[in-house]
DNA sequence: ATTTCAATTCGATATTTCTCGAAATATCGG
DNA sequence: CCGATATTTCGAGAAATATCGAATTGAAAT
């Protein structure tokens, strides 16, 4: 995770509307273990229209939400996959894990006190 | 940590210059355990001028760095304390811990699959 | 008190970003 | 093919942001 990539993720999450979208997707797309193999898949598969409805309360898709989804996707925070007429949105769990590690890990010291 | 507060932190970290400042402070102000009581204090105490020098390579303090430090401080990510003629900068460890938890914790599900 | 050093504030400018509505694209069903 | 639905792209305007230099504050030293 290089510097620019990290800053882009934070910038994407720095907008209130995008943060709401991201949190909705996180809450919505929680993984669930299935079968004995313990395989994991998302239970709900929200479309752009559903994101739109939940986040802005609008009944039709706003270009604004589309714009924000693209930003989140460009930042590597969410995934979008075409299914028929719709786009299915989900969080990129690897990215979330990297961000968790970013804050949880003590950085290399630069003051010789390590 | 409410929504706006969270977004403000991410917005603050979303600027490349501010992220560099933040990472410098994190690396610089690593805590060190001292004595038998295990008390912890920062080893280096960077001033605004030092941040400036390290981050932008400038020899004198730029108003830009001052501006970015204020943003980071307003977002609750860093602390600044006056000492004599200088301001000593440090990261707010509680805030970093909250952000680590933010990404490490599975959110409440909204799809009835919990 | 005056000078000096550290840092912030101010004013202006250039750039970016958010938002909205209209038009375009793509896919499905009849 | 045509119409309906889902989503993206485009164009424009308003608002926010980053940056720079100059002026200002505040504390310390002389």
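The values are calculated or read from the model by the stated rules, or taken from the named source; none is laboratory data. Model, not experiment: these values are computed from the prediction. In this analysis, Cβ positions are derived from the backbone assuming ideal geometry, glycine residues included, and neighbour counts consider all displayed protein chains.
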**Request:** Would you point out the residue of the stretch A:1-45, among those that are more than 16 Å from DNA strand D (Cβ to nearest atom) and part of a loop (DSSP other than H, G, I, E, B), that is modelled with the lowest pLDDT?
**Result:** A:35
**Prompt:** When residue B:97 is evaluated against the numbered criteria (1) modelled with pLDDT of 95 or more; (2) surrounded by 13 or more Cβ atoms within 10 Å (Cβ to Cβ); (3) within 13 Å of chain A (Cβ to nearest Cβ), which criterion, by number, is the only one it fails?
**Reply:** (2)
**Asked** Which numbered condition trips up residue B:60, out of (1) surrounded by fewer than 16 Cβ atoms within 10 Å (Cβ to Cβ); (2) assigned to a helix (DSSP H, G or I)?
**Response** (2)
**Asked** What is the number of the single condition among (1) in contact with a helix residue (DSSP H, G or I) (Cβ under 9 Å, 6 or more places away or on another chain); (2) touching a residue at least 24 places away in the same chain (Cβ under 8 Å); (3) closer than 25 Å to residue B:16 by Cβ that residue B:86 does not meet?
**Response** (3)
**Request:** Could you look through the stretch B:72-86, keep only residues that are buried (at least 18 other Cβ atoms within 10 Å of the Cβ) and within 11 Å of DNA strand D (Cβ to nearest atom), and pick out the one that is nearest to the other protein chains (Cβ to nearest Cβ)?
**Result:** B:75
**Asked** Name the residues in the stretch B:5-14 that are in contact with a helix residue (DSSP H, G or I) (Cβ under 7 Å, 6 or more places away or on another chain) and more than 7 Å from chain A (Cβ to nearest Cβ), would you?
**Response** B:9, B:12
